[in-house]
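Take a look at the structure set out below.
Quick note: the coordinates plus some simple rules give every number you see, no bench work behind them. This is a predicted model, so every value here is computed, not measured. Reconstructed Cβ throughout: ideal geometry from the backbone, glycine too, with neighbour counts over all protein chains shown.
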Amino acid sequence: MRDIEFPRHGPGYLDLDKVDAFLRDASTQWISNFTEIHEGDRPLPKPRVVETRVSLPSDKSFASYEQAFAHVTGPRLPDETELYWDQALLDVLFEYPIESGRSEFAIHPAFERLGLRTVTVLRFMPPTGAIRAFEFDGDPGLVRLDPRWHQAAMTFVKMGFLHILDGTDHLLFLFCLVIPFRRFRPLIMIVTAFTVAHSITLIASAFNLGPSALWFPPLIETLIAESAQAGDSELLSLRGEAHLQGG
């Protein structure tokens, strides 16, 4: 946590007896100020900091909600614990005022500015008992935690488009597909179809419909590369035939 001078003693150990007020300030400054929760279309007010805890790097309490809640409301680390200040973990329990637990909620975790690369892992537990798991890189914008089917579909289409732009092999394969087409309409249809198809693979992956074996991702990447090479060879062949016929 930048800009906060946590109390220390000795060679840099965290002074656990005096750290509570600093933890609450850090929770507000670096977590709640960068988190926006919506209930329906209404942004919720800033949360109340209920509890804060300092944890060891080896702590595994957040493997489940029950363990995490028991940890953050349970006993604190003993004051004599020797824990370097820059190795400690901060656990926080926030409380938001809501109208109903059955409302539609959304979250905007804007943690991208807090580091060179930030990953947010989130588990949403509605009253139905189903657990929805999310993982975001950087700032994903406003994410609906219990989306309707068309909202989920648009999210996967957006992810599919961005994932295509992020991969050189995908762009090369798409480039080979669009080279023969000089008119705008067929070009748009091909790009759209490729994006939708890629989105379908992301949906299948989200529902664990694909093989989980380690050989599967390299196989797909290899097939994409071979497809791009085959398309390139076909284009060169067609161009050569066109020159022969024209000559």
Computed about the Cα centre, the charge dipole of region 8-145 from +1 Lys/Arg and -1 Asp/Glu charges at the Cβ has a magnitude in debye, to the nearest 20, of 280 debye
Please list, by residue number, everything in region 27-64 whose backbone N is under 11 Å from a paramagnetic label point 7 Å out along Cα→Cβ of THR73. 51
Taking the Cα centroid of region 58-133 and of region 13-37, what is the distance between the two, rounded to the nearest whole Å? 13 Å
Please list, in order along region 93-100, the HN-Hα scalar couplings obtained from phi with the Karplus expression 6.51 cos²θ - 1.76 cosθ + 1.60 (θ = phi - 60°), rounded to whole Hz, x for Gly and Pro. 10, 9, 10, 9, x, 10, 8, 7
Taking amide H atoms as placed 1.01 Å from N in the peptide plane, list the residues 5 or more away in sequence, or in a different chain, whose amide H sits under 5 Å from that of TYR84. LEU14
Contour minus Cα-Cα distance for THR128 and GLU104 (0.36 nm per residue): 7.4 nm
How far apart, in nm, are the 7 Å Cα→Cβ label points at ARG113 and ILE4? 1.7 nm
